[in-house]
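Note sheet for the following structure.
The values are calculated or read from the model by the stated rules, or taken from the named source; none is laboratory data. Predicted model only: the values in this text are computed from it and were never measured. Note that we place each Cβ from the backbone using ideal geometry, even for glycine, and neighbour counts take in every protein chain shown. Quick note on the areas: whole protein, heavy atoms, side chains included, nothing else; ligands and nucleic acids left out. Shrake-Rupley method; radii C 1.70, N 1.55, O 1.52, S 1.80 Å.
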Amino acid sequence: MTTEKASASFEETLSELEAIVNEMESGDLPLNKALEKFERGIALSRQGQQSLENAEQKVKILLSEQGEETLQTLPESEQP
C-alpha cells in the first residue's frame, strides 16, 4: 500500500489511519510490518492535514466573499 488514493476523502483517510493505530496498539505486528504501518500512518496523517488546510482555505475564501474578515478562534473550552 505505497500508493495513495488521490480521491480518498478525509473520512476514508481518517478511517484507515484509525485502523492502523488500532493494529499497532495491539502489539502483535512484527517489526517490519509495524514500520510499514507507521510509514503509511505518517503519510495518511499528512494527507489528512492537507485536506483540513484546504478546507480551512475554502472557508476563508467564502468568508471573505461575504465580507467577513477572518475566522474566529474557538475558546479552549470548545476545542476538540
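Find all pairs meeting these conditions: Cβ atoms under 9 angstrom apart; at least six residues apart or on different chains; first residue within segment 44-60 and touching a residue at least 24 places away in the same chain (Cβ under 8 Å) and surrounded by 12 or more Cβ atoms within 10 Å (Cβ to Cβ); second residue among the hydroxyl-bearing types (Ser, Thr, Tyr) and not in a helix (DSSP H, G or I).
Pairs that qualify, where the first residue is touching a residue at least 24 places away in the same chain (Cβ under 8 Å) and surrounded by 12 or more Cβ atoms within 10 Å (Cβ to Cβ) and the partner is among the hydroxyl-bearing types (Ser, Thr, Tyr) and not in a helix (DSSP H, G or I), are SER51/SER9.
Return the residue satisfying two criteria in turn: it lies in segment 10-36 and is open to solvent by less than 60 Å² (accessible area, probe 1.4 Å) and touching a helix residue (DSSP H, G or I) at 6+ places or on another chain (Cβ under 8 Å), and of such residues it is modelled with the lowest pLDDT.
LEU29
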